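Computed from the coordinates by the stated procedures, all read-outs in this text should not be read as laboratory data. The shown structure was predicted, so the numbers you read here are calculated from the model rather than taken from an experiment. Note: ideal-geometry Cβ built from the backbone for every residue, glycine included; neighbour counts use all protein chains shown.
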Amino acid sequence: LFHTPEEVPEQGAPDCAIAIDVLRATTTMAAALAAGAEAIQVFSDIDDLLTTSETWPTDKRLRAGERGGGKVEGCDLGNSPLDHSPERSGGKRLFMSTTNGTRCLKRIEHAPTVITAALTTRQAVVDFVLSQQPETVWIVGSGWEGTYSLEDTVCAGAIIHGIIAATGQTFKDLAGNDAAIAAVSLYLQWQDQLLDLMHYASHGQRLLRLNNEADLQYCAQLDVLNIVPRQHELGVLGL
Ligand code: MLT
């Protein structure tokens, strides 16, 4: 478990890499695909996003750009999971760039299997990992500009807890993995008050200042979508 993309080693790759940005990029990706978006193409750079999306038919694309929690000028959408409905997103390609979430994905994009996770898709992600049985898994939190985030860590803990519980393991089997033990402990402490934890998290506070309480409520839901967004070609995610 890495708390930020910056912690990820430059060399080597796991069998399976999981990117988490509960508030809000990976929650929004899952919401968009669940609403019927055809695919999500991620960009670190907004100018690249705008140029590449120009080549796509206007009625088949949505451009989503977020910086500092707000919508980027020139984009159709910011980064709210509540923006996506079958009417708005169905059949469209989402061209997306966010402050930390898309950067996290870029950092792990060369692993043979790359998926995204959120609290909303936690059980589906656990089932996916159990069915694939990868030997090495990296779980990478997006954090905020290189710093630790509570919401990504609690989601990582929820995933690890799901995996060890399903395979009859305990904390003892995580011995030596300090980050994983801490993340599972965080999840066990907060599992019934995930929305409260979102409110106390620094990025949750930032989103509240921007009047995004409804987003926090959406992002704090556990196991409501039975899908796993997966990278099918470099930088492009689908189901
Ligand atoms: C990010 O990528 O940093 C986040 O998803 C920011 C946000 O909440 O929009």
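Amide H contacts for Arg67 (H built 1.01 Å from N in the peptide plane; partners 5 or more residues away or on another chain; cut-off under 5 Å): Val72.
With the convex hull of its Cα atoms as the shape, region 167-239 has an orientation-averaged projected area of 7.6 nm². What the phi angles of region 208-222 give under the Karplus curve with 6.51, -1.76 and 1.60, with θ = phi - 60°, is a coupling list of 5, 4, 9, 6, 10, 4, 5, 5, 4, 4, 5, 5, 7, 6, 9 Hz, glycine and proline written as x.
Along its principal axes, region 1-98 has C-alpha extents of 40, 27, 25 angstrom, given from the largest down. For a paramagnetic label modelled on Leu239 (point 7 Å from Cα along Cα→Cβ), amide N atoms under 12 Å away belong, within region 87-106, to 90-91.
Taken over the alpha carbons of the chain as equal point scatterers, the Debye sum produces base-10 log I(q)/I(0) values at 0.08 Å⁻¹ of -0.26.
Using equal-weight Cα scatterers in the Debye expression, the normalised intensity of region 81-154 in log10 at q = 0.12, 0.14 Å⁻¹ is -0.43, -0.59. Straight-distance candidates among the aspartates and glutamates for linking to Lys60, with alpha-carbon spacing under 17 Å and chain neighbours fewer than 8 residues away dropped: Glu38, Asp76, Asp83, Glu87. Taken one residue at a time, the phi angles of region 5-16 give Karplus couplings (6.51, -1.76, 1.60, θ = phi - 60°) of x, 5, 6, 5, x, 5, 9, x, 8, x, 5, 9 Hz. Gly and Pro are set to x.
For region 189-231, the normalised intensity computed at q = 0.24, 0.34 Å⁻¹ comes to -0.82, -1.14 (log10 of I(q)/I(0), Debye sum over alpha carbons, equal scatterers, no solvent). If the chain between Ala214 and Val8 were fully stretched, how many nm would it gain, using 0.36 nm times the residue separation less the Cα-Cα distance? Once the chain is fully extended between Ala214 and Val8, it gains 71.0 nm.
Within a 10 angstrom radius of the beta carbon, how do Asp45, Asp83 rank from fewest other beta carbons to most? Display every interim value, and only then the final one.
Working: Asp45 12, Asp83 20.
Neighbour counts put them in this order, fewest first: Asp45, Asp83.
Each residue, His232 and Glu54, gets one label point 7 Å from its Cα in the Cβ direction; the gap between the two is 2.7 nm.
Put in order of Cβ neighbour count within 10 Å, fewest first, the listed residues Glu10, Glu87, Glu66 become Glu10, Glu87, Glu66. Between Glu73 and Glu145, how many nm apart are label points set 7 Å from Cα along the C-beta direction? For Glu73 paired with Glu145, the spin-label model returns 2.0 nm. As a ratio to 2.2 N^0.38 Å, the alpha-carbon radius of gyration for region 112-239 is 1.07.
Once C-alpha pairs closer than 8 Å and six or more residues apart are averaged by separation and normalised to the residue number of the chain, the relative contact order reads 32 percent.
Taking the Cα centre of the chain as origin, work out the dipole magnitude from +1 charges on Lys and Arg Cβ and -1 charges on Asp and Glu Cβ, in debye rounded to 20.
Details: 17 positive and 30 negative charges, 62 e Å.
Dipole size: approximately 300 debye.
Once the Cα atoms are used to define both axes, helix 122-132 deviates from the longest principal axis of the chain by about 70 degrees.
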